Each structure stands twice: as structure tokens, then as C-alpha cells.
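> Once you've had a glance at the structure underneath, I'll fire off some questions.
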Ligand SMILES: [Fe+2]
């Protein structure tokens with residue numbers, strides 16, 4: 001069974017004004033679709049065919065560039081769409097809010113650390129909030145389409161929130177102002193989904 005481009009749970013223009021419709025249309029319909037089809041081409045006829053994306057990435061040979069880039073791109077964007085919502089923003093609550101306070105001191109300190117990781121990731125990449133077994137949290141970033149479930153990428157745990165800082169994610173609306181895009185992202189974070197992922201992976 002080949003991987004399929006996941007459907008968005010909202011319209012392309014639903015995240016405006018924070019993320020514009022044209023960016024969403026191209027990002028999902030072209031970029032994510034491209035990673036998905038190239039991933040399928042890269043695993044076709046190999047022993048990776050039929051495995052889950054998590055299984056593929058957790059056991060990845062980092063020298064396999066086609067699977068690293070396109071498998072990472074498939075997984076990362078799937079998470080990205082899920083952790084955003086037109087009804088998003090605000091603050092997390094419950095167990096996740098407590099875990100954030102425990103790890104970073106406060107929500108504001110977490111926001112500062114996550115935003116800084118996203119702003120200072122040189123070139124293309126992602127910033128992450130990851131949960132480790134036991135429930136502790138970590139903020140980190142990875143270049144290109146790497147992600148924390150890949151082995152030895154300098155960042156570990158299961159990502160429960162991620163922000164895409166490739167220029168394709170923000171350039172049409174924000175040009176070179178990546179920090180403005182990061183600030184706007186906080187208005188669309190789907191904390192209910194992040195909490196659900198926290199509970200499922202802690
Ligand atoms: Fe992207």
C-alpha cells in the first residue's frame with residue numbers, strides 16, 4: 001500500500017491571516033504531494049515497502065538520501081497540518097501545560113525557546129517540541145526534512161508539535177521575516193491535538 005497525501009482538515013484559506021491560502025495550496029498540494037510520490041518511488045520494490053512511516057524513519061540509514069528527505073518530508077508535513085487549526089491559538093491546558101511548566105518554567109519561556117529554535121535554524125528545517133518516555137519535554141531543531149524519530153540527528157523523542165521553517169512555508173506572505181511567521185504560527189496551534197499526541201506518546 002503506497003503512502004497517500006493526507007487530506008487537510010480545513011480549507012486552504014482557513015488559517016488566514018496567519019497563513020495565506022496560496023501558501024497552503026502550494027505547500028500541501030505541491031510540496032507535500034511531491035514528498036509523498038517521491039517517497040513511494042524510493043521504497044518501491046525495496047524491503048521498506050509496506051512498512052509504516054514511523055518504522056521506516058526509526059530504522060533509517062541516513063545515507064539513503066531519497067528516503068531521508070522524502071520520508072521525512074511526508075512525516076513532517078503530516079504532523080504540521082494536524083497541529084494547526086483555524087480554532088487554534090491560546091495556551092495548552094491539563095497535563096501538557098504542567099509538563100511545559102516543568103520543562104521550561106512557564107508557557108512564555110517555552111514559547112521563547114521554541115521560537116528561538118525556529119528562528120535560528122540556519123537555512124531550511126524544522127523546530128520541534130518532543131516528548132520522551134516518562135513525559136518530559138524537549139525543544140530542538142533539525143535541518144532539511146530530518147526529524148527527531150530518525151536515529152542520531154541530534155534531537156530525540158517523539159515530536160508532538162513542529163513548525164516548518166523552509167521558505168516555502170512563509171515566503172509569499174512574510175518574505176524574509178521568519179520571526180513574524182513564527183509569531184503568527186502561535187495563533188493557529190491546535191493545542192488539543194498537541195495534548196492528544198502528548199498523552200499518546202509519553
Ligand atoms: Fe514544508
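What follows is calculated from the coordinates using simple rules that are stated; it is not laboratory data. Here the structure is a predicted model, which is why all the values come from computation and not from measurement. FYI the Cβ positions are ideal-geometry reconstructions off the backbone, even for glycines, and counts take in every protein chain you see.
> Expressed in nm to one decimal, what extension gain is obtained for the pair residue 186 and residue 30 from 0.36 nm per residue of sequence separation less their Cα-Cα distance?
Stretched out fully, the residue 186 to residue 30 stretch lengthens by 53.7 nm.
> Here is a further query. Taking square-rooted eigenvalues a ≥ b ≥ c of the alpha carbon gyration tensor, is the range 29-70 rounded, prolate or oblate, where a/c under 1.5 means rounded and, failing that, a/b exceeding b/c means prolate?
prolate
> Another question, if that's okay. Which whole-number percent is the relative contact order of the range 1-101 (Cα, under 8 Å, 6+ apart)?
In percent, rounded to a whole number, it is 31.
> Dividing the convex hull volume of the alpha carbon atoms of the chain by its residue count, what do you get in Å³ per residue?
Considering the Cα atoms of the chain, their hull volume per residue is 110 Å³.
> For residue 122 and residue 1 in one chain, what is 0.36 nm times their gap in residues minus the Cα-Cα distance, to one decimal in nm?
Length gained, residue 122 through residue 1: 40.0 nm.
> According to the square roots a ≥ b ≥ c of the eigenvalues of the Cα gyration tensor, what is the shape class of the range 102-173, taking rounded for a/c under 1.5, prolate for a/b larger than b/c otherwise, and oblate for the remainder?
oblate
> Applying 1/(1 + (r/R0)^6) with R0 = 30 Å to the Cβ-Cβ distance of residue 62 and residue 171, what FRET efficiency is obtained, to the nearest 0.05?
It comes out at approximately 0.60.
> Something else about it: Using only alpha carbon pairs under 8 Å that are at least six residues apart, calculate the relative contact order of the chain and give it in whole percent.
The normalised contact order for the chain reaches 25 percent.
> Taking Cα centroids, how far is the range 142-175 from the range 14-32 in Å?
17
> Of 77, 132, 32, which has the largest mean-square fluctuation in a 10 Å C-alpha GNM of the chain?
Among 77, 132, 32, the largest mean-square fluctuation in the Gaussian network model of the chain belongs to 132.
> Also, I was wondering about something else. Based on the alpha-carbon gyration tensor of the range 1-93 and its eigenvalue square roots a ≥ b ≥ c, which shape applies: rounded if a/c is under 1.5, prolate if not and a/b is larger than b/c, or oblate?
Prolate, since a/c reaches 1.5 and a/b exceeds b/c.
> Let me ask something additional. Would you kindly state how much longer the chain becomes between residue 52 and residue 22 on full extension, computed as 0.36 nm times their sequence separation minus their alpha carbon distance, in nm to one decimal?
So the chain would gain 7.7 nm between residue 52 and residue 22.
> So what's the back-of-envelope 222 nm ellipticity for the chain, counting only DSSP H runs of four-plus at -39500 (n - 2.57) apiece and dividing by all residues, rounded to 500?
-13000 deg cm²/dmol
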